[in-house]
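In what follows, a structure is listed as structure tokens, so that the remarks can point back to it.
The values are calculated or read from the model by the stated rules, or taken from the named source; none is laboratory data. Not measured: the values here are computed from a predicted model. As a convention, Cβ positions derive from the backbone with ideal geometry for all residues, glycine included, and neighbour counts pool all protein chains shown.
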Amino acid sequence: MTRLLPTQYRWTRMDFGEWRHFNLGTLFTVPAGLSDGTLARAVQRVVERNPALRTAYRHGAAGWSAEVRPADAGTVVRKAELPGYQGRAGAMEDEIARLQGTLRPDEGEVFRVVHFPFGDEPGRLLATVHHLTLDGFSMGLVGGELDRALRDREPGPLCAAPADYVAAVEKWAASDEAAQDAGRWLDRPWDRVANPPTDLDGDATLPTMRIDSGELEADVTAALTAACRKAALRPSDVLLDAAAQAVMARWDLPAVAVDAYHIGRHLTPMGIDVIDTIGYLQNTFPIVFTARDRFDPADVRAVPDRMFGFDALRFFSGRLDDLPATTLRYNFRGHMGRLNSRPGAYLGEADQPIRRRRAQGQTEAYTLMLEGDVIDGRLVLHIKYSTGQYEPDSIAGLLAGALDRVRATTRELAC
């Protein structure tokens, strides 16, 4: 048994109800004639190479632990013997939704592959993985591994396993470098940080979640992109700052912390190679923003380069354990959309949604989830929230305020 990865400890601390039902997944098209034996051999190779796809997660008196189980495709692969699903997308979606609740992460069943054969027509292949064992970037790697295995192609070189990453974190957390980074994290104005209040105190389970969006004009998006390029800035950081400032202005807060994401594959503890490792290696870290009248990149630039360090220090050394948790999250989805686009020569993209990836009685750890994107040349801000916690008018005001700040910053940077 080993300790969990830093981000896994963060995930478990979020205390999701019905935690066993929380998945990531992809639905592929597969050529007609995919045999049971071919699929079983391919999955066996994938699980043998990737310990994260056969790891059991348990919580006991000493806390959470991870245990790698023997590779056994028989616990992973299922075949949907339901020819009536052919041409009935709604019925297949219902079956896929039902399958989402069949994983048993405490027993090491964290990976499920289900084949839907459609006779002489291309079938479907569902790959579902429990979120505690991997991140979104790794879900793209799973597809690539499956594709190569199904074509019987040579696999890529093996990178470090999650257990190796844990060992590297333990070593780094005791280093002088870690102590220096801890000082930088602690040097932010945490005593001024506050979370925004909610408008309502109602039901906040997943069925109450809603996403509202606002977009920047295409010409302003182009101008911002050009200005950021000259100033060595990223448009995603300008959008994040604007959203944080809008939140502070709406509730008259002196400072807020926003949890941000980074894929965490390049700058790693002790230089460990995890570029193609399947596991939950995503870096999550807070950026503390102070209320300002104009854009200033100082808050974003205060984040140490070693973004993995926040959770490493928090869960492996305890140095940052007393810092407050935030209810704000930011993710720039344009990055992940590109990273997860990994077309294969065997697996294709299926145009059917996967519903019920999570137990519907769960609530989000964050009350305001901010997401940036670029769609058709326009910078877009999405805000995901519960209608049991916020009035739509409040969210509309945040969107308008944030986009107005981006427009003002674009004019400032262009001068």
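Miscellaneous remarks
- Matching option when the condition is surrounded by fewer than 22 Cβ atoms within 10 Å (Cβ to Cβ) and either in a helix (DSSP H, G or I) or of a type in the set (S, T, N, Q) (or both), among Ala163, Ala52: Ala163
- Any chance Thr102 is farther than 28 Å from Ala160 by Cβ and in a loop (DSSP other than H, G, I, E, B): yes
- Region 211-248, subset polar (S, T, N, Q) and within 23 Å of the chain's Cα centre (by Cα), residue surrounded by the most Cβ atoms within 10 Å (Cβ to Cβ): Ser236
- Any chance Glu154 is of a type outside the set (Ser, Thr, Tyr), free of Cβ contacts under 8 Å to residues at least 12 places away in the same chain and closer than 25 Å to Ser138 by Cβ: yes
- Lone qualifier among Val77, Val43 - being touching a Lys or Arg at 6+ places or on another chain (Cβ under 9 Å), farther than 30 Å from Leu323 by Cβ and outside the structural domain of Gln360 (by TED's automatic domain parsing): Val77
- Leading residue by the ranking (nearest to Tyr366 (Cα to Cα)) among those in region 289-300 that are of a type outside the set (Val, Ile, Thr) and in contact with an Asp or Glu (Cβ under 9 Å, 6 or more places away or on another chain): Phe289
- Number of residues in region 249-263 that are modelled with pLDDT of 95 or more and surrounded by fewer than 19 Cβ atoms within 10 Å (Cβ to Cβ) equals 6.
- The condition (being at negative phi and at pLDDT below 95) is satisfied by just one residue among Phe111, Phe116: Phe116.
- Subset of region 176-208 that is in contact with a Pro (Cβ under 9 Å, 6 or more places away or on another chain) and not in a helix (DSSP H, G or I) - its residue that is farthest from Thr55 (Cα to Cα): Pro189
- Per-region count, region 276-304, residues part of a loop (DSSP other than H, G, I, E, B) and touching a residue at least 60 places away in the same chain (Cβ under 8 Å): 12
- Output for region 318-332, where each listed residue is at pLDDT 95 or above and small (Gly, Ala, Ser): Ala325
- Scanning region 363-415 for residues that are under 13 Å from Asp212 (Cβ atoms) and in contact with a strand residue (DSSP E or B) (Cβ under 9 Å, 6 or more places away or on another chain) yields a total of 22.
- Condition broken by Gly123, with the remaining ones in (1) crowded, with 17+ Cβ neighbours inside 10 Å; (2) free of Cβ contacts under 8 Å to residues at least 40 places away in the same chain satisfied: (2)
- Selected residue (only one of Trp11, Trp19, Trp64 is within 25 Å of Thr277 (Cβ to Cβ), in a loop (DSSP other than H, G, I, E, B) and not assigned by TED's automatic domain parsing to the domain that holds Gln362): Trp19
- Note on region 351-363: among residues that are modelled with pLDDT of 90 or more and assigned to a loop (DSSP other than H, G, I, E, B), the one that is surrounded by the fewest Cβ atoms within 10 Å (Cβ to Cβ) is Gln360.
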